[in-house]
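A short worksheet on the structure shown next.
The values are calculated or read from the model by the stated rules, or taken from the named source; none is laboratory data. From a predicted model like this one, the values you see are computed outputs, not experimental measurements. Here Cβ is always computed from backbone atoms with ideal geometry, including for glycine, and neighbour counts include all displayed protein chains. When the accessible area is computed, the model is the full protein with side chains, heavy atoms only, and any ligands, DNA or RNA have been set aside. Shrake-Rupley method; radii C 1.70, N 1.55, O 1.52, S 1.80 Å.
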Amino acid sequence: MKSHARVVVIGGGVVGASVLYHLARRGWTDIMLLERDELTSGSTWHAAGGMHTINGDPNVAKLQKYTIELYKEIEELSGQATGVHITGGVLLAATEARMDWLRGVVAKGRYLGLDLEEISAEEAHHLMPLIDPAQFVGAVRNSEDGHLDPSGVTHAYAKSARKLGAEIHRFTKVEGIVHREDGTWKVVTDKGEVIAEHVVNAGGLWAREVGRMVGLELPVLAMEHMYLITEDMPEVAEVNRTTGKEVIHAVDFDGELYLRQERGGMLMGTYEKAGKPWSERETPWNFGHELLEPDIDRIAPSLEVGFRHFPAFQKTGIKQIINGPFTFAPDGNPLVGPVQGLTNFWCACAVMAGFSQGGGVGLALSNWMVNGDPGFDVWGMDVARFGEWATLRYTNAKVRENYSRRFSIRFPNEELPAGRGLKTTPIYDLLARKGAQFGVAYGLEVPLWYAPEGVKDEFSWRRSTDFAHVGAEVAAVRERVGLSEISSFAKYRITGEGAAAWLDRMLACKLPAAGRMTLAPMLKEDGRLIGDFTLANLSDGASAAAQEEWMILGSGIAEQHHMRWFEQHLPQDASVRVEALGLSTLGLAIAGPHSRRLLQKVTSEDVSGKAIPFMAIRRIDIGMAPCIVGRISYTGDLGYEIWMEPAYQRLVYAAIKAAGEEFGIVDFGMRALLS
């Protein structure tokens with residue numbers, strides 16, 4: 001094993017092998033993969049091997065389509081059979097609500113280039129005779145579903161990478177990772193040390209352990225997952241005989257099941273409601289080509305539905321039940337990309353659907369490493385969508401929820417209950433008592449709308465119960481004045497003697513004068529948008545020697561994403577300092593035709609249009625509390641954003657509410673703001 005490499009990929013499952021191959025294909029050949037055991041050890045070897053293009057995130061769906069199309073390429077290059085069978089499949093709906101969801105899938109498929117078609121339950125039965133059509137209201141045909149050989153695919157990636165110049169070292173356990181003063185990484189193994197410019201964590205079941213080697217706690221949890229394989233079935237033999245083809249795939253969403261042919265029988269897998277985590281805190285290093293003890297009682301409710309929906313299963317025996325662990329992130333999507341604060345440390349973890357997504361993950365990460373950008377929108381997979389708030393217990397709660405809902409419908413505006421109340425502001429209880437219905441943004445509880453007593457969020461594909469009440473909030477802001485909490489926005493403080501020059505280079509706007517704000521797009525090198533901010537100049541402006549201070553306001557959920565970008569572009573001379581303020585600075589906003597009169601009642605400062613014109617920003621007291629007030633409003637009405645330290649938020653809120661009574665003030669939420 002050589003002592004230096006441009007890239008070290010840790011983990012020899014399908015994802016690590018894909019990353020290695022894609023880097024080699026881009027021309028980076030001074031690269032190596034380290035695997036503590038044999039390739040595919042972990043989750044890869046016992047996977048059911050299904051592949052599909054459907055995903056709730058259209059951008060992830062594109063990558064899944066790419067992954068499936070890639071298998072022919074790596075099979076030809078490597079000479080390794082991948083065992084790919086493109087059988088096609090049907091997505092089944094047992095309810096009208098599910099059928100509505102499937103119609104949306106078909107609509108998205110049109111612009112994604114997916115071959116999808118809405119069909120009747122009888123037509124689905126004709127394509128997949130094991131179905132009882134009486135149990136379903138309709139279906140969608142998908143021509144690109146199929147299955148493969150997990151080991152064959154992984155070795156095809158590996159052999160292709162080797163042919164392009166990459167190295168693979170099996171039975172080489174990584175025991176430590178050290179960030180050196182020159183910015184490179186020392187990877188310590190049981191076979192020696194490697195100095196690397198880049199390190200990729202593709203550790204799969206051991207992604208947490210690899211992350212902890214560099215002080216990173218990744219939000220990853222393994223869940224036990226079971227599927228069964230039946231004895232040979234005459235119904236399967238009949239389909240094979242009469243069609244000359246395999247039985248096509250089927251996904252029974254309402255039964256929480258997926259099915260495909262396995263030799264002369266069928267494979268049936270389930271995402272049961274009573275999911276069980278595996279090795280919740282640490283993954284044993286000696287776990288390898290092993291399976292877990294089956295627990296048929298846990299999946300019995302799903303199997304009962306499956307046997308009813310697919311009656312042929314009632315007449316066959318079960319040959320084997322496979323139970324093995326797979327890793328999930330809290331929202332079920334992968335964790336991919338560079339880690340903020342750890343130069344050239346990359347993640348390719350929590351890729352639960354590795355044979356549908358592994359190729360796309362490898363493509364995105366290799367583009368990112370070589371070009372500095374993934375080349376397309378991968379926000380749904382970006383590791384930066386979670387912060388330090390995604391603790392072990394939070395991850396446990398959300399992964400359990402996600403697993404149990406994997407085949408459930410998430411309706412528009414539907415908020416899920418697990419992991420809630422993690423981060424709140426000082427006025428959370430006050431807003432809750434007023435009927436606030438909360439959502440979550442970057443772990444923070446955010447008021448979405450205000451429900452009268454006896455009304456609660458109920459969801460469907462049609463108008464939800466919030467519609468009329470959000471409309472009333474909108475009307476109140478338009479006609480009178482409204483108060484909204486805006487603490488979920490990201491806030492950054494930029495200081496230092498080089499701050500102005502740095503901002504002028506980073507943002508596509510003219511820098512505002514002292515006491516002014518402006519809209520500030522941030523562009524990548526290729527001219528595409530990476531951030532859309534409000535930039536405020538908080539500098540005194542009284543003298544040339546005054547300390548420069550700037551504030552940037554932006555998307556709260558993208559805080560770590562943008563901090564990563566800022567840090568990557570900071571000058572080396574420490575002349576610029578960027579600080580994410582997080583919840584150390586909280587916000588309230590007032591908007592509507594009476595907002596100026598209301599603001600004047602809670603401050604002794606002059607807030608007239610002449611004193612504080614549009615896009616002006618001032619330090620003024622609201623009641624007794626020192627605040628920063630900007631004349632700007634996302635509603636499009638006359639309005640102000642008011643920023644303060646957490647200790648003052650309750651006081652400022654109470655002062656504004658009391659002063660606003662004569663104007664008919666209302667609390668309004670994010671749904672009204674975004675309507």
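List of remarks:
- Placed amide H near T189: partners under 5 Å, 5+ positions off or other chain: E175, V194
- Solvent-accessible area assigned to carbon and sulfur over the chain amounts to 50 percent, based on a 1.4 Å probe.
- Options V378, L335, L218, ranked by Cα towards positive dipole end of the chain, top entry (Cβ charges): V378
- Among V199, T603, P133 - extreme Cα towards positive end, dipole of the chain, charges at beta-carbon: T603
- Per-residue HN-Hα couplings for the range 113-125 [Karplus 6.51, -1.76, 1.60; θ = phi - 60°; Hz; x = Gly/Pro]: x, 8, 8, 10, 8, 6, 9, 7, 5, 5, 5, 5, 5
- Residue pairs exceeding 26 angstrom between C-alpha atoms, taken from K456/K657; K163/K191; K398/K456; K163/K245; K423/K657; K423/K491: K163/K245.
- Of the trypsin sites (Lys or Arg not before Pro) found in the range 593-640, those that fall in a DSSP loop while having at most 10 other beta-carbon atoms within 10 Å are K610.
- Distances between placed amide hydrogens fall under 5 Å for I119 paired with A139, V140, R141, all partners being 5 or more residues away or on another chain.
- Across the range 294-303, computed HN-Hα scalar couplings (Karplus, 6.51 cos²θ - 1.76 cosθ + 1.60, θ = phi - 60°) run x, 9, 5, 4, 5, 9, 4, x, 5, 5 Hz from first to last residue, x flagging Gly and Pro.
- The peptide list 354-366, 55-67, 124-136, put in order of mean Cβ contacts within 10 Å with the highest first, becomes 354-366, 55-67, 124-136.
- Surface analysis of the range 36-110 yields an accessible area of 37 Å² per residue, using protein heavy atoms and a 1.4 Å probe.
- The range 223-345 - accessible surface per residue (Å², probe 1.4 Å): 42 Å²
- Each 10 Å bin from zero up to the one holding the largest Cα-Cα distance in the range 413-475 carries the following percent of pairs: 20, 52, 27, 1.
- Cβ crowding within 10 Å averaged over residues, with 192-199, 234-241 ranked highest first: 192-199, 234-241
- Of (i) 1.05; (ii) 0.98; (iii) 1.01, the label for Rg/Rh (Cα atoms, Kirkwood Rh) derived from the coordinates: (iii)
- What the range 427-471 shows is 51 Å² of accessible area per residue, with the surface traced by a 1.4 Å probe over protein heavy atoms.
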